[in-house]
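One structure below.
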Amino acid sequence: MSSLSSTARLAHPLMQWLDLAQKTNEMLLSSGSVIRMRTERIAKAGLTPSAADLAEFQLMGHEKLAAASESGIAMVKQWHSSHFSLASKALQQWLQGTTAFFSMAGSVTPAQAAARSDAFVQTAARTASAASQLSGVAVRIAREGLKPIHAAATSNARRLAELQS
């Protein structure tokens with residue numbers, strides 16, 4: 001798939017959620033595989049693990065901490081940048097809506113009231129549109145948080161599968 005069609009596909013909120021669901025599914029399948037292979041290794045090692053077993057067991061803990069840390073940092077960064085963008089839009093929409101409302105309320109003639117109420121309705125529609133962007137923000141935060149965990153799980157599944165071969 002070309003990057004243009006992939007980018008266009010991810011511009012639609014539903015497609016963003018479907019992409020996140022697919023990545024989550026890949027991560028869960030890989031995690032299940034990694035858990036099975038590592039559990040088998042722990043069981044085979046028993047009370048006398050080899051140096052390679054001990055290194056793998058230690059790697060397990062380090063990988064989980066690293067992926068969790070990266071995930072948290074990525075989500076905070078995405079939230080931070082999205083938060084300020086949305087807060088700015090919300091404030092702008094609130095000010096425009098308030099201005100349009102008071103302008104409509106101060107109308108002297110019916111023609112003025114009609115024109116100003118149309119402006120108020122348009123402002124309200126833009127406010128609703130801005131609010132609908134929250135779903136896109138939420139999926140971007142989740143996707144950024146999933147990336148390090150997905151990467152660790154899928155690379156571990158490949159690496160451990162090669163070791164078993």
Mind telling me which of the residues Gly32, Gly106, Gly46 ends up being without any contact (Cβ under 8 Å) to a residue 12 or more places away in the chain and within 25 Å of the chain's Cα centre (by Cα)? Gly32
Checking Ala131 against (1) more than 30 Å from Arg38 (Cα to Cα); (2) small (Gly, Ala, Ser); (3) surrounded by 15 or more Cβ atoms within 10 Å (Cβ to Cβ), which single condition isn't satisfied? (3)
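For (1) at pLDDT 90 or above; (2) in contact with a strand residue (DSSP E or B) (Cβ under 7 Å, 6 or more places away or on another chain); (3) assigned to a helix (DSSP H, G or I); (4) not charged (D, E, K, R), each residue gets a yes or a no:
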| position | (1), (2), (3), (4) |
| --- | --- |
| Ser5 | no, no, yes, yes |
| Glu63 | yes, no, yes, no |
| Ala66 | yes, no, yes, yes |
| Ser81 | no, no, yes, yes |
Does the stretch 98-124 hold any residues that are in a helix (DSSP H, G or I), open to solvent by 60 Å² or more (accessible area, probe 1.4 Å) and hydroxyl-bearing (Ser, Thr, Tyr), and which are they? Thr99
Go through the stretch 45-63 residue by residue and tally those that are out of contact with any helix residue (DSSP H, G or I) (no Cβ under 8 Å at 6 or more places or on another chain) and not hydrophobic (A, V, I, L, M, F, W, C). 6
Open to solvent by less than 60 Å² (accessible area, probe 1.4 Å), of a type in the set (A, V, I, L, M), over 30 Å from Gln93 (Cβ atoms) and assigned to a helix (DSSP H, G or I), is that true of Ala151? yes
Every residue in the stretch 53-79 that is open to solvent by 70 Å² or more (accessible area, probe 1.4 Å) and farther than 23 Å from Arg126 by Cα, please. Leu54, Gln58, His62, Lys64, Leu65, Glu70, Ile73, Met75, Val76, Lys77
Inside the stretch 80-97, the number of residues satisfying the requirement of being surrounded by fewer than 12 Cβ atoms within 10 Å (Cβ to Cβ) and more than 25 Å from the chain's Cα centre (by Cα) is 1
Tell me, please, whether a residue that is in contact with a Pro (Cβ under 7 Å, 6 or more places away or on another chain) and in contact (Cβ under 8 Å) with a residue 60 or more places away in the chain can be found in the stretch 151-161. no
From Ser50, Ser88, Ser69, residue being among the hydroxyl-bearing types (Ser, Thr, Tyr) and closer than 26 Å to Ser129 by Cα: Ser88
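The values are calculated or read from the model by the stated rules, or taken from the named source; none is laboratory data. Treat the numbers as computed from the prediction; the structure is a model and nothing was measured. Backbone-built Cβ (ideal geometry, glycine too); neighbour counts: all protein chains shown. Protein only, heavy atoms only, side chains kept; ligands, DNA and RNA dropped before computing areas. Shrake-Rupley method; radii C 1.70, N 1.55, O 1.52, S 1.80 Å.
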